[in-house]
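The next block holds one structure in the form of structure tokens; read it before the comments.
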């Protein structure tokens, strides 16, 4: 299984209906903000929440956030500035945490775009 980089994830999400909700494949959790990944500050992390968000984030919103991350400077958890690019690796983790969870694909599940993940140890 191969992880998606930021550009690949953006390109895949562009193929999905813009008003469709987005969720992760674990815990039916939804994506939140992008930040520098604590494990590798030069990588991007997409946060998540267990709290119900109504309505769920839509593809258009997630796509906008990911596109905005390209070329943006993020501050690492312990400092330093890191610019994300289309080739930046993408992880799933909340601010200040690591997870070894990467996004490996997307799929449709009954009108919801699912971000498929896998545990990947470096």
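Structural remarks
- Test: residue in region 109-116 that is touching a residue at least 24 places away in the same chain (Cβ under 8 Å), under 16 Å from residue 36 (Cβ atoms) and part of a strand (DSSP E or B): no
- Taking the criterion of being within 17 Å of residue 106 (Cα to Cα), assigned to a loop (DSSP other than H, G, I, E, B) and at pLDDT 95 or above, the residues of region 13-62 that qualify are 14, 15, 16, 17, 18, 19, 20, 25.
- Subset of region 79-94 [assigned to a loop (DSSP other than H, G, I, E, B) and either free of Cβ contacts under 8 Å to residues at least 12 places away in the same chain or surrounded by 14 or more Cβ atoms within 10 Å (Cβ to Cβ) (or both)]: 79, 84, 85, 86, 88, 93, 94
- Residues considered: 10, 106. Of these, the only one that is touching a residue at least 12 places away in the same chain (Cβ under 8 Å) and part of a helix (DSSP H, G or I) is 10.
- Condition met for residue 54 (closer than 26 Å to residue 121 by Cβ and more than 15 Å from the chain's Cα centre (by Cα)): no
The values are calculated or read from the model by the stated rules, or taken from the named source; none is laboratory data. Since we're looking at a predicted model, the values are computed, not measured. For neighbour counting, all protein chains shown are included, and Cβ atoms are generated from backbone atoms with ideal geometry for every residue, glycine included.
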